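Trainee: Quick one: this structure, given as structure tokens, is what I'll be asking you about.
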Amino acid sequence: MPETLLFRLYRGQVEAFRETVESWKVEHHHAMIARSAEDLVRHCLHAPALVKELWRETFAKLRDDGIEDINETRRELWSLIENIQGILGTAREMAHGLEQNGHGIAGMPELEQAIQTVEEQKHFIFEHWGEFTSETVDRALEEHGRGESMELDDAFASIAGVDRTTWLKRVEEHKRKYHGGEQGYSG
């Protein structure tokens, strides 16, 4: 019997020790998840720059007539931005869940700003860029016939948010930088 009492005492201490270690493992696991969430949030803060670069590259191809199917390009760009927004939303949900469990997540205000910025970028890009159909082409030709259309340089300047003169200067700078000036450049 004395051994049983001895083992009971130790068994109780060992059980208390095991519970402490188990709870530490759970707390540590949650802390590591919180740290991973902070890493994810930090990476998500680059989303607006990614969307800006994606739009810049797409716009350059549109401008330089390097796109064969403008509708497919629009759909692909829309899909990529939607995916970025989905990732941002998932990161927000995950971080909020951890915050509700008592884990502070660094960068949450910045993540909210990134989400808002990407939504604004998407609106800017697609506000006037609908799918081209035979009806939209017919309507555009009719508007052009009535003198209601805009010259391409004016349209691109408007899209870029600058006046025509600034746009034309940018085009000339682009030609000089990437095509060696006017010689041999027909675009």
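Trainee: Within the group Glu151, Glu135, which residue is at pLDDT below 85, out of contact with any Asp or Glu (no Cβ under 9 Å at 6 or more places or on another chain) and more than 23 Å from Leu80 (Cα to Cα)?
Mentor: Answer to the selection: Glu151.
Trainee: Looking only at segment 118-130, filter to residues that are farther than 16 Å from Gly86 by Cβ and not acidic (Asp, Glu); which one of those is surrounded by the most Cβ atoms within 10 Å (Cβ to Cβ)?
Mentor: From segment 118-130, those farther than 16 Å from Gly86 by Cβ are 120, 123-130; that's our starting set.
Those still in the list that are not acidic (Asp, Glu) too: 123-126, 128-130.
Working: His123: 9, Phe124: 14, Ile125: 19, Phe126: 13, His128: 9, Trp129: 15, Gly130: 10.
Looking at the filtered set, the residue picked out is Ile125.
Trainee: Answer yes or no: is there a residue in segment 105-116 that is at positive phi and surrounded by 10 or more Cβ atoms within 10 Å (Cβ to Cβ). Outline the logic, then answer.
Mentor: First, the residues of segment 105-116 that are at positive phi: 107.
Imposing the further condition that a residue be surrounded by 10 or more Cβ atoms within 10 Å (Cβ to Cβ) reduces the set to 107.
The answer is yes; a qualifying residue exists.
Trainee: For segment 157-170, which residues satisfy the criterion of being among the β-branched types (Val, Ile, Thr) and free of Cβ contacts under 8 Å to residues at least 12 places away in the same chain? Break it down stepwise before answering.
Mentor: At the first step, the residues of segment 157-170 found to be among the β-branched types (Val, Ile, Thr) are 159, 162, 165-166.
Once the filter is applied, which keeps residues that are among the β-branched types (Val, Ile, Thr) and free of Cβ contacts under 8 Å to residues at least 12 places away in the same chain, segment 157-170 yields Val162, Thr165, Thr166.
Trainee: Here's a follow-up. Among the candidates Ile105, Ile81, Ile115, Ile159, single out the residue that is under 21 Å from Leu62 (Cα atoms) and in contact with a helix residue (DSSP H, G or I) (Cβ under 6 Å, 6 or more places away or on another chain).
Mentor: Details: Ile105 fails: under 21 Å from Leu62 (Cα atoms); Ile115 fails: under 21 Å from Leu62 (Cα atoms); Ile159 fails: in contact with a helix residue (DSSP H, G or I) (Cβ under 6 Å, 6 or more places away or on another chain).
Result of the check over Ile105, Ile81, Ile115, Ile159: Ile81.
Trainee: What are the residues in segment 31-64 that are without any contact (Cβ under 8 Å) to a residue 12 or more places away in the chain and within 17 Å of Ala160 (Cα to Cα), if any?
Mentor: Ala49, Glu53, Arg56, Glu57, Ala60, Leu62
Trainee: Go through segment 142-178 residue by residue and tally those that are surrounded by 13 or more Cβ atoms within 10 Å (Cβ to Cβ) and among the small types (Gly, Ala, Ser).
Mentor: Initially, segment 142-178 is screened for residues surrounded by 13 or more Cβ atoms within 10 Å (Cβ to Cβ), giving 149, 153-160, 162, 164, 167-168, 170-171, 174-175.
With the extra rule that they be among the small types (Gly, Ala, Ser), the set shrinks to 149, 155, 157-158, 160.
Result for segment 142-178: 5.
Trainee: Let me ask something else about it. Given the condition over 30 Å from His103 (Cα atoms), modelled with pLDDT under 70, outside any helix (DSSP H, G or I) and not assigned by TED's automatic domain parsing to the domain that holds Asp153, answer yes or no: does some residue in segment 49-66 qualify?
Mentor: no
Trainee: Scan segment 76-90 residue by residue and report those that are under 12 Å from Ala47 (Cα atoms) and of a type in the set (A, V, I, L, M, F, W, C).
Mentor: Listed by number, the residues that qualify are Leu80, Ile81, Ile84, Ile87, Leu88.
Trainee: How many residues does segment 99-138 hold that are among the polar types (S, T, N, Q) and touching a residue at least 24 places away in the same chain (Cβ under 8 Å)? Break it down into steps so the answer makes sense when it comes.
Mentor: Step one: filter segment 99-138 for residues among the polar types (S, T, N, Q), giving 100-101, 113, 116-117, 121, 133-134, 136.
From what is left, the residues that are touching a residue at least 24 places away in the same chain (Cβ under 8 Å) are 101, 117, 121.
Of the residues in segment 99-138, 3 are among the polar types (S, T, N, Q) and touching a residue at least 24 places away in the same chain (Cβ under 8 Å).
Trainee: Somewhere in segment 88-95, is a residue assigned to a loop (DSSP other than H, G, I, E, B) and not aromatic (Phe, Trp, Tyr)? I'd like the intermediate steps shown before the answer.
Mentor: Residues of segment 88-95 assigned to a loop (DSSP other than H, G, I, E, B): none.
No, that holds for no residue.
Trainee: Going through Leu111, Leu77 one at a time, which residue ends up being touching a Phe, Trp or Tyr at 6+ places or on another chain (Cβ under 8 Å), part of a helix (DSSP H, G or I), at pLDDT 90 or above and not β-branched (Val, Ile, Thr)?
Mentor: Numbers: Leu111 fails: touching a Phe, Trp or Tyr at 6+ places or on another chain (Cβ under 8 Å).
Result of the check over Leu111, Leu77: Leu77.
The values are calculated or read from the model by the stated rules, or taken from the named source; none is laboratory data. Remember, it's a predicted structure, so these values are computed and weren't measured experimentally. With ideal geometry, Cβ positions are generated from the backbone for all residues, glycine too; neighbour counts draw on all protein chains shown.
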